[in-house]
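The values are calculated or read from the model by the stated rules, or taken from the named source; none is laboratory data. Worth saying up front: this structure is predicted, and the values here are computed from it rather than measured. Cβ coordinates were reconstructed from backbone atoms using ideal geometry, including for glycine residues, and neighbour counts include every protein chain displayed.
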Amino acid sequence: MNFNQNETKIDFVKHRKKFFIFSSLLVLTGLIFLSTIGLNLGIDFESGTKIELLAEKSLTADLVTDKFADIDLVPDNILLAGDRNEMAYATFIGVLSQEEIVAVQRHFNETLGADPNISTVTPTIGRELARNAFFSVIFASIGIIIYVSIRFELLYGVAAIVALLHDAYFIITVFSIVQMEVNLPFIAAVLTIVGYSINDTIVTFDRIRENLSYEKKVKGFDDLARVVNKSLVQTLARSINTVLTVVFAAIALLLFGGEAIRTFAFALLVGLVAGTYSSLFIAAQLWLVWKSKSLQKKRFKTAENEA
């Protein structure tokens, strides 16, 4: 296959070590933040109570705090929502007692004229949700590696999974740094990114496989590097255009979607950037390194047999 000479002006393969170093620094940064600060787990994964308030007039965080103080309660977090901030979400780490819940219902029915919506997550439910979220990511990864291995080969599948884990870890690291609440919408965003990223990775791998089929003979690293670099350049415009369209939608959700989906939108935005980066600069580069070593081993074994 004849490639346009302009396609070879960008040499991604030459900078592969820089990409690996950047990702290694990311892993180290994540380990530091996760081991010191940790994640800001919401009540979806820790026991707690969330109270949704609705008023006819605008609410403020100070006003909501004062109203809870009237019944000797102090919320751990307050979020305002609605066009006029007529909604408020108050969360408490730890489950409120039945007496406290009754007091909240009575108090806000009298002061705001509407019954609050109260939801409680017990420690058992929190652990179960966390476990289910973990297994959902694991099962998705196993399914992906099986699919990619069957469609391509095992090395493609392993490289794809490493890229996916890289994306998920990047999102977790960012959430640890900014201390945004980790809840069920966060898990939904991670699974969404897993699907998006693997699609982008498969497109790149498909182009690599196609370009390899046009090569008369692939002897080693240099031949593979040439094919991988040309494939990355060919899919670069497609990857950028695709991610930009989704990024615009994620930004719109982040700015105008309200508090209920803000975590989802932010995680989606971070994951889109990480997914595009890993598909182009991690998955393909890892496959290149591993494939070249595999060819080297085959040549060595062939030479031994001939000797």
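Tell me which of these Arg16 doesn't satisfy, since it passes every other one: (1) in the same structural domain as Leu280 (by TED's automatic domain parsing); (2) in contact with a Ser or Thr (Cβ under 7 Å, 6 or more places away or on another chain); (3) surrounded by 14 or more Cβ atoms within 10 Å (Cβ to Cβ).
The single condition Arg16 does not satisfy is (2).
Being on the phi > 0 side of the Ramachandran plot and free of Cβ contacts under 8 Å to residues at least 60 places away in the same chain, is that true of even one residue in region 88-107?
Yes; the residues of region 88-107 include at least one that is on the phi > 0 side of the Ramachandran plot and free of Cβ contacts under 8 Å to residues at least 60 places away in the same chain.
Take the conditions surrounded by fewer than 19 Cβ atoms within 10 Å (Cβ to Cβ) and either basic (Lys, Arg) or in contact with a Pro (Cβ under 7 Å, 6 or more places away or on another chain) (or both) and apply them to Lys50. Does it pass?
no
Of the residues Leu224, Leu244, Leu232, which single one is surrounded by fewer than 17 Cβ atoms within 10 Å (Cβ to Cβ), in the same structural domain as Val273 (by TED's automatic domain parsing) and part of a helix (DSSP H, G or I)?
The conditions single out Leu244.
So which residues in region 76-110 are surrounded by fewer than 16 Cβ atoms within 10 Å (Cβ to Cβ), closer than 30 Å to Leu255 by Cβ, touching a strand residue (DSSP E or B) at 6+ places or on another chain (Cβ under 8 Å) and not hydrophobic (A, V, I, L, M, F, W, C)?
Across region 76-110, the qualifying residue is only Asp76.
Collect the residues in region 44-88 that are in a helix (DSSP H, G or I) and either under 30 Å from Phe134 (Cβ atoms) or of a type in the set (S, T, N, Q) (or both), keeping them in residue-number order.
Scanning region 44-88 gives a single hit, Thr65.
Has region 159-167 got at least one residue that is of a type in the set (D, E, K, R) and under 10 Å from the mean Cα position of the chain (by Cα)?
Yes; the residues of region 159-167 include at least one that is of a type in the set (D, E, K, R) and under 10 Å from the mean Cα position of the chain (by Cα).
Quick one: what pairs do we get from region 131-159, first residue modelled with pLDDT under 80, second part of a helix (DSSP H, G or I) and aromatic (Phe, Trp, Tyr), C-beta under 8 Å, 6+ apart or different chains?
If the second residue must be part of a helix (DSSP H, G or I) and aromatic (Phe, Trp, Tyr), the pairs left are Val148/Tyr156; Val148/Phe205; Ser149/Tyr156; Phe152/Phe205.
So that you can scan it fast, the table gives a plain yes or no per residue for (1) under 19 Å from Ala168 (Cα atoms); (2) of a type outside the set (Phe, Trp, Tyr); (3) touching a residue at least 12 places away in the same chain (Cβ under 8 Å); (4) in contact with a Gly (Cβ under 7 Å, 6 or more places away or on another chain):
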site	(1), (2), (3), (4)
Arg238	no, yes, yes, no
Leu244	no, yes, no, no
Ala249	no, yes, no, no
Ala252	no, yes, no, no
Ile261	yes, yes, yes, no
Phe264	yes, no, yes, no
Val270	yes, yes, yes, no
Ser278	yes, yes, yes, no
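Anything in region 137-188 that is small (Gly, Ala, Ser) and either within 16 Å of Ser278 (Cβ to Cβ) or not assigned by TED's automatic domain parsing to the domain that holds Ile261 (or both)? List them, or say none.
Ala140, Ser141, Gly157, Ala159, Ala160, Ala163, Ala168
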